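Heads up: the structure comes next, in structure tokens.
The values are calculated or read from the model by the stated rules, or taken from the named source; none is laboratory data. Because the structure is a prediction, the values reported are computed rather than measured. Using ideal geometry, Cβ is built from the backbone for each residue, glycine included, and neighbour counts are taken over all protein chains shown. Accessible surface areas use protein heavy atoms only, side chains included; no ligands, DNA or RNA. Shrake-Rupley method; radii C 1.70, N 1.55, O 1.52, S 1.80 Å.
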Amino acid sequence: MEFSATTLFYDFAIMSALLFIANILRTKLKFLQNWYIPSSLVAGILGVIGGKYFMNILPLSSSISVYPSIMISVLFGTLLIGRRQKTKFKETIKSVGDTFAVTTSGIMIQWGVGIAASLILAATIFPDLNPGFGMLMASGFEGGHGTAAAVGAALSEGCGWTSATSIGQTFATIGLLDGIFIGILLINIGTRKKWTRLIKEVNGLSQEMKTGLVEEENQKSIGKATVNSISIDPLAWHLCIILTAVGGAYLLNNVLKSIWPSFSVPTYGIALICGWLMNKLLQAVKLDHYVDQKLITRIGSCVTDYLVGFGVASINISVVISYAVPLIIISLLGLACCLIWLLFVSRRIFHNYWFERGIYVFGMCTGVMAIGVILYRISDPDYKAPVLEDVGVAGIFTTFVDMFQVSMVPIMFMSGQLIPAMIIWLIVPLVIVAVSAGIYKWKKGTGAELRPGEEDSAVNYEGILEGTESPAVVIKETSAEEL
């Protein structure tokens, strides 16, 4: 079918209908609620079932596999627009260095292990396996569907590996499911092992977090009207800022390709830079105070729902079946990395609330940041630990590290430097862990012992927490009025 504007409209209309149905299912089905399955994932699965590989009743075009790589560029373009705060690297390392170290090493090690695994499998059991196969596990696990789509598209365009995008989306879906199901299982284990500091049992999140519906009295504004609609609609104003930056990224990438045809740069990386340049331009013309970062973030989040939906719906089942064994093997290795970083690295390095911090890193490294937040909220429903604050500050720098590796590793692969990439991404995270162990002291014990800063908020395990310097205390019940 020839692609046209009508085809584009039909694709987005169908996905919107699937998201609508998925959200209704989320409000009604306890299974989806109790396991916090995102509506976008449900919509994608419905797209696969109704698509051409199963029932073939949804007229989705073949172009849906391309949309996620475009939408991830839009998402990356939003990351630095509207940002005003200035944070110094030394201050960040001093205050949240352990968070930065564990998160950064956790997202890096997957690339090294993935590349090593695919090289070994290609040299032994599966001689026809593309040696870049493991990169797609890393991009899908720690990057999610958007990054997997972007890396898959880069490999498809750069070296003609046409099935890369579908494989990447499959890894991203596996990682997302790992994050949800295994993450909640780990929290249950953590409560039994006395690792959780703020809950004694898993009660889950509030009803509105389960159903996704916010009661009228709790509904909040998603942004501010920073311009008068008599001139331009506030949403249109923010959207044109984002799309100008992303459009500039595509234009710049085309210019670079015309100058250096053999040199390929992922568009989403350039979109991040163009977003930063757009932010600087707004500051230079003194219009930055008329940009609401909250609204920019909401647009990026909206794009993410469609991105995941299209990403999952575009999975080619025949490709998944043909690569089933290496998919399973490398997915298990990726999951093993995440488990080690939670149960071993997090427990030994974090200065306090190691499990709460570690379960966030686990969720982020298997799925996306939203999964990390969900798992953290289950383990700390009242936000008593300063985990999200630390993650937010450290994330400013972790984002740049992630953007660098997501851009650089595919470039090294396409230039024949996969083995050097493997060595770098295996050694550097281990060095980060070793240095962090020296700086923040390698913690010993079972993980149930209290650490500095936990004494006043840790739950009472009926005296079971032995060997701690300070006794655990019962959390004071806080009324809604006090909050």
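Search the structure for amide H atoms under 5 Å from the amide H of Q417, placed 1.01 Å from N in the peptide plane, and list their residues when 5 or more places away or on another chain.
none
Where Rh denotes the Kirkwood radius from the mean inverse Cα pair distance, what is Rg over Rh for the stretch 1-58?
1.07
Which three extents, in angstrom, do the Cα atoms of the stretch 387-438 have along their principal axes, listed largest first?
The principal-axis extents, from largest down, are 40, 24, 10 Å.
At 0.36 nm per residue, minus the direct Cα-Cα distance, what do I24 and M55 gain on full extension? Give it in nm, one decimal, please.
Stretched fully, the I24-M55 segment lengthens by 9.0 nm.
Nothing charged except the Cβ atoms of Lys and Arg (+1) and of Asp and Glu (-1): what's the magnitude of the dipole of the chain about its Cα centre? Round to the nearest 20 debye.
Rounded to the nearest 20 debye, it is 660 debye.
To the nearest 0.05, what FRET efficiency results for K257 and E449 with a Förster distance of 45 Å applied to their C-beta separation?
0.20
For the chain, what does the helix formula give at 222 nm: sum of -39500 (n - 2.57) over DSSP H segments with n ≥ 4, over the residue count, nearest 500 deg cm²/dmol?
One gets -21500 deg cm²/dmol as the mean residue ellipticity at 222 nm.
Take the alpha carbon atoms of the stretch 372-406, find their center, do the same for the stretch 190-215, and report the distance between the two centers in whole angstrom.
Between the Cα centre of the stretch 372-406 and that of the stretch 190-215, the gap is 18 Å.
From the Cα gyration tensor of the stretch 262-310, with a ≥ b ≥ c the square roots of its eigenvalues, which class applies: rounded if a/c is under 1.5, or else prolate if a/b is larger than b/c, or else oblate?
Oblate.
Starting from the stretch 181-266, pick out the chymotrypsin sites (Phe, Trp or Tyr not before Pro) whose DSSP state is loop and whose Cβ has at most 15 other Cβ atoms within 10 Å.
F263
Enter the Cα centre distance for the pair the stretch 40-72 and the stretch 417-433, rounded to the nearest angstrom.
One Cα centre to the other: 35 Å.
Please report how far the C-alpha centroid of the stretch 318-335 lies from that of the stretch 108-178, rounded to the nearest whole angstrom.
Spelled out, the Cα-based centre of one part sits 10 Å from the other.
Under the rule a/c < 1.5 gives rounded, and otherwise a/b versus b/c splits prolate from oblate, where does the stretch 275-355 land using the Cα gyration tensor?
Verdict is oblate for the stretch 275-355.
Among R298, R348, what's the order by accessible area (1.4 angstrom probe), most exposed first?
R298, R348
Take the Cα coordinates of the stretch 177-265, assign each an equal point scatterer, and use the Debye formula without solvent to give log10 I(q)/I(0) at q = 0.16, 0.21, 0.22, 0.24 Å⁻¹.
The Debye formula, applied to the Cα set alone, gives -0.84, -1.03, -1.07, -1.15.
Would you mind listing how long the chain runs along its three principal axes, going by Cα atoms, in whole Å with the largest first?
69, 65, 50
Can you work out the Karplus-derived ³J(HN,Hα) for every residue in the stretch 226-239? Use 6.51 cos²θ - 1.76 cosθ + 1.60 with θ = phi - 60°, whole Hz, and x for glycine or proline.
With the stated coefficients, the stretch 226-239 comes to 8, 10, 7, 5, 5, 9, 7, 4, x, 5, 5, 4, 5, 5 Hz.
Carbon and sulfur together cover what percent of the accessible area of the chain at a 1.4 Å probe radius?
Answer for the chain: carbon and sulfur cover 65 percent of the accessible area.
Return a whole-number percent for the relative contact order of the stretch 116-251, with Cα pairs under 8 Å and 6 or more residues apart as the contact set.
Averaging sequence separation for qualifying contacts and normalising by length gives 13 percent for the stretch 116-251.
Largest first, what is the accessible-area ranking of W425, W260 with a 1.4 Å probe?
Solvent-accessible surface, decreasing: W260, W425.
Please compare each pair in K28/K384; K28/K224; K52/K257; K210/K384 to a cut-off of 23 Å on the Cα-Cα distance and tell me which ones are over it.
Over 23 Å apart, Cα to Cα: K28/K384; K28/K224; K52/K257.
Testing the spin-label approximation: label points 7 Å from Cα along Cα→Cβ at E217 and I321. State their distance in nm.
Each label point lies 7 Å from its Cα, and together they span 5.4 nm.
What number comes out for accessible area per residue over the chain if the probe is 1.4 Å? Units Å², please.
Ligands and nucleic acids excluded, the result is 47 Å² per residue.
Would you mind computing, in nm to one decimal, how far apart the modelled labels at S62 and S231 are, each placed 7 Å from Cα along Cα→Cβ?
So the label points at S62 and S231 sit 4.7 nm apart.
In the stretch 215-283, which trypsin sites (Lys or Arg not before Pro) are in a loop and have at most 10 other Cβ atoms within 10 Å, using DSSP for the loop call?
Passing both the DSSP loop test and the Cβ count: K220.
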